[in-house]
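Enquirer: Quick one: this structure, given as structure tokens, is what I'll be asking you about.
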Amino acid sequence: MSDPTPYDPNNIFARILRGELPCTKVFEDDHVLAFHDINPQAPIHILVIPKGAYISLDDFGTRASDGEIGALFRALATIARRLGLDDTGYRFLGNHGINAHQEVPHFHVHLFGGHRLGPMLTRKPVEQE
Ligand code: 5GP
């Protein structure tokens, strides 16, 4: 599904990227910024975002350069390793659109670790249409 609205330059992560809002930074390079989630869902919960203005994975996968895409995946692995999560295990997750409850319309990947993370999704009966 394509993103129905244009990129909002005043979304929270755009403001963090411009330095208008604070963050607790854990990693930065030319293409990527990573920082602690303000409302952590695990002992370690990091948000990894491209510096470019992309709404979602759909937008990022369509418009970003190979360099930007490669940098994001390399950053995820580097951050997990630096935080010592590669030994104990971790999960990375991205939400796209309404069904996944994406709240912030700037593409981001969640990185979780620090304890047993449980099943991948909350078990819930699939609703019949
Ligand atoms: P989403 O539901 O869009 O995949 O996740 C958005 C994430 O951004 C949530 O986990 C939320 O806690 C986090 N978040 C929202 N506002 C802020 C903020 O101002 N600073 C930081 N560091 N995280 C935020």
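The values are calculated or read from the model by the stated rules, or taken from the named source; none is laboratory data. From a predicted model like this one, the values you see are computed outputs, not experimental measurements. No Cβ is skipped: glycine too gets one built from the backbone with ideal geometry, and neighbour counts run over all protein chains shown. When the accessible area is computed, the model is the full protein with side chains, heavy atoms only, and any ligands, DNA or RNA have been set aside. Shrake-Rupley method; radii C 1.70, N 1.55, O 1.52, S 1.80 Å.
Residues are listed down the side, and each one gets a yes or a no for (1) open to solvent by 40 Å² or more (accessible area, probe 1.4 Å); (2) under 15 Å from Asp58 (Cα atoms); (3) within 8 Å of the ligand (Cβ to nearest atom):
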{"site": "Asp86", "(1), (2), (3)": "yes, no, no"}
{"site": "Tyr90", "(1), (2), (3)": "yes, no, no"}
{"site": "Gly94", "(1), (2), (3)": "yes, yes, yes"}
{"site": "Ile98", "(1), (2), (3)": "yes, yes, no"}
{"site": "His106", "(1), (2), (3)": "no, yes, no"}
{"site": "Leu117", "(1), (2), (3)": "yes, no, no"}
{"site": "Thr122", "(1), (2), (3)": "yes, no, no"}
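Enquirer: Scan the range 60-77 residue by residue and report those that are crowded, with 16+ Cβ neighbours inside 10 Å and either more than 14 Å from the ligand (Cβ to nearest atom) or farther than 16 Å from Ala14 by Cβ (or both).
Expert: Answer for the range 60-77, where residues must be crowded, with 16+ Cβ neighbours inside 10 Å and either more than 14 Å from the ligand (Cβ to nearest atom) or farther than 16 Å from Ala14 by Cβ (or both): Ala64, Glu68, Ala71, Leu72, Ala75, Leu76.
Enquirer: Let me ask you something else. Going through the range 35-50 one residue at a time, which ones are within 10 Å of the ligand (Cβ to nearest atom) and either part of a loop (DSSP other than H, G, I, E, B) or in contact (Cβ under 8 Å) with a residue 24 or more places away in the chain (or both)?
Expert: Asp37, Ile38, Asn39, Pro40, Gln41, His45, Ile46, Leu47, Ile49
Enquirer: Residue check, Leu21 against (1) within 11 Å of the ligand (Cβ to nearest atom); (2) surrounded by fewer than 19 Cβ atoms within 10 Å (Cβ to Cβ); (3) under 20 Å from Met120 (Cβ atoms), all met but one. Which one?
Expert: It is condition (3) that Leu21 fails.
Enquirer: Could you tell me how many of the residues in the range 41-51 are surrounded by 13 or more Cβ atoms within 10 Å (Cβ to Cβ) and over 13 Å from the mean Cα position of the chain (by Cα)?
Expert: Total meeting the criteria: 2.
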